[in-house]
Amino acid sequence: MDHLLSRSRDNISINNNNNNQLSMHDEGVVVAETDHDAEDEDMEHPLVSHLSRRSVNACMSDQALNTLNELRRNNLLCDAVISVSDASFNVHRAIMSACSSYFRAQFTGFNSTLSPSQSDENRSVYIPGMSGAIMEQLIQYAYLRKCIINAENVHELLISADYVGMIGLVTKCKQYLGAMLTPENCVSIMGFARFRFLDDLYAKARNYLLRYFIEVAAKNKDILEIGLKDFYDIISDDELNTREEDHVWKLCIKWIDHDPENRKQYVAQLMQGVRLGLMTPKCFMEEVKEHPYVLQCEDAKPLIVETFKFMYDLDIMNPSSGELTTPPLAMPRLPHEVIFAIGGWSGGTSKGCIETYDTRADRWVNIPAEDPAGPRAYHGTAVIGYKIYSIGGYDGVEYFNTCRVFDAVRKNWKEIAPMHCRRCYVSVAELNGLIYAIGGYDGHNRLNTVERYNPKTNQWTVITPMNMQRSDASACTLKGKIYATGGFNGQECLDSAEYYNPSTNIWTRIPNMNHRRSGVSCVAFRGQLYVIGGFNGTARLSTGERYDPDTQTWSFIREMNHSRSNFGLEIIDDMIFAIGGFNGVSTISHTECYVAETDEWMEATDMNVVRSALTANNVAGLPNKRDYIHKERDRLMEERRQRLLASAMALDVESIPISNASVDAQDAAMDDYDSPNEEDDADDEEDVASMDVALAPVIEDHHEDLRHEPNHRFRVQLRAQRFGSHHEIRRRA
């Protein structure tokens, strides 16, 4: 990556709001003592070393340092000279020695016990190869603990600060580079960090690349320049954040195309880093199997055969075969985001259970971290950082104004300040680090009041009330405003909605929704407001609609597979997930997700606990995310086989040998994997036919009998119905 260093300067995004520079915090002697960014390595100022820094007034310290800097500029009391290639600077040796181990050694000699006469000889220091502009910033930092860092000087400033041993300034520069990471420059910053042995910056830049891989693959040009080992390490990393492996393969082809004569020989090795079994069948058939690089590579053929075997689900329905293990080509990567489903109502009582959803494995995981204060339902939650704030609610006896916070890293619960009002059926949203509790029911009245919580002060403040009383409504944040939708006012279910502007402290009505919705859920997605499900006063709804704030209009989206109210709604993997709820007859655990590209709802794995009146929140970037994901990832195929066998047995087909069963019988046994309409069925037949034709020449020398496998049409159709094909999210008939 060394050749990327020169590009990193050009790629760094510049913050125009602060005139292309990052202004550092003023650090007097006292401030530096508590500023972790300055690092403890910065030596204490010798002029105040005999004083307790806690007893020195920070303003006096700043004034003293400003005075010393003014003396330096006027060449008063200076006792040393620092020279670089194009400038010289008069300085005070004590000041420079206090901040820099390099200058301390230069001015005092390596033996700190030198006599005054010997020390006087060390009054001039010359540093070749450093510019006067950079030295000016180093000296300014030594005197004032602040300097100008921008995209043009950050690399040279970091290198120079490291050379003279100003550890605090090195840290400031690393923080600047870390804050300026973008999809366009993260690879070049990785190269710079590796070259300078900045391990923490390297790790941060690499983690950024993995987390925002889709954008990096589309926009970054430097990634095409890196070597085979570094490139393979990226595409094979379990942390690579991609919903579909198609993007990984396409980047591999771009990397080879950058230098095809020297790189096409590595196509088989790169294929081992791509999870081929998790690709969409269309991409695998058209862009992998038929690609010239693959056709010309003998080592790639066994990988193609292995992927076909997985896509055909060979032996998955054979109960006599041994336990299946998930092959490496289909091992799900690790998610960067986790949905937490907390609390709820089931079986006539409130629940305190916590489940997390692993979107890569399509599994719900039980988390043994229930709130010791007791369960609650019909509450609201909001996420700030790694903490989930639980607001209000009801436990079957009491309506709560109490609030709790769950730390997902430490896995503990704590009490925070209570609200002014008891609020069950409360709507909760977060905006700019503040939490809003909106409306609800206090046990007597439906509320239009709103209060706001500041985590820094642990205080609730009552703000402007809504225009309407709303309990059992839903709220979310969109484009700097908080939208409250639907609800119940004590007499009727509402079709109205309104938004709060924090800059004006005013609630404003927007056009009414198409349906009345109480027990509704809403979420901001792709710049629009999605309002889904609920109760219209007569029935639970499966309908959904979205509001465009630019045109101020509502439009319908595809209906859910399940009618539901009082359910969780959250975004993960660029899809909207509807979780649990009440369908008008019973409480459900069904989970489904909305795919905007195709305007359809796909079935996902059900929760482990049946419940409604729960909350769902997406927590991103957890350092301990492995504690919240599906552990037995190598058993995913076996788990799937057991469910398919159980489904077949439930439909009384256990008496028919699975391996010899007719295609029609197997299609009937798995009818919930079929397409929802005739057009999709026609597409599936075409996919099956194309795979049959493509498969024969590839496996002729390996698995002759696979072409004649009587269940292959069923298996291919089964596989083709999985959206993204890396888990079992699927269409429902």
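Run the numbers on the range 337-628 and let me know its relative contact order in percent, using alpha-carbon pairs under 8 Å that are six or more apart.
Once divided by the residue count of the range 337-628, the mean separation gives 16 percent.
Sort Y386, Y143 so that the residue with the fewest other Cβ atoms within 10 Å of its own Cβ comes first and the one with the most comes last.
Y386, Y143
So for M311, M331, fewest C-beta neighbours within 10 Å to most, what's the order?
M331, M311
Check the straight Cα-Cα distances from K282 and name the lysines below 26 Å, setting aside those fewer than 8 residues away within the same chain.
Result set, ordered by chain and number: K219, K250, K254, K264, K301, K309.
Simple spin-label model, 7 Å along Cα-to-Cβ: A133 to K456 in nm?
Between A133 and K456, the label points sit 3.4 nm apart.
State whether the range 337-628 is rounded, prolate or oblate according to the following rule on the C-alpha gyration tensor (a ≥ b ≥ c being the square roots of its eigenvalues): a/c under 1.5 gives rounded; otherwise a/b larger than b/c gives prolate, and the remaining case gives oblate.
Rounded, since a/c falls under 1.5.
Give, as a single signed number, the net charge of other residues whose beta carbon lies under 10 Å from the beta carbon of Y436, with Lys and Arg counted +1 and Asp and Glu -1.
-1
Does the range 194-248 come out rounded, prolate or oblate, given a ≥ b ≥ c as the square roots of the eigenvalues of its C-alpha gyration tensor, rounded meaning a/c under 1.5 and, failing that, prolate meaning a/b above b/c?
In terms of gyration-tensor shape, prolate.
May I ask you to sort I588, I189 by Cβ crowding, counting other Cβ atoms within 10 Å and putting the fewest first?
Ordered by Cβ neighbours within 10 Å, fewest first: I588, I189.
Only the coordinates and a few stated rules stand behind these numbers; no lab work does. Bear in mind the structure is a predicted one, so any value in this text is a computation, not a measurement. Note: ideal-geometry Cβ built from the backbone for every residue, glycine included; neighbour counts use all protein chains shown.
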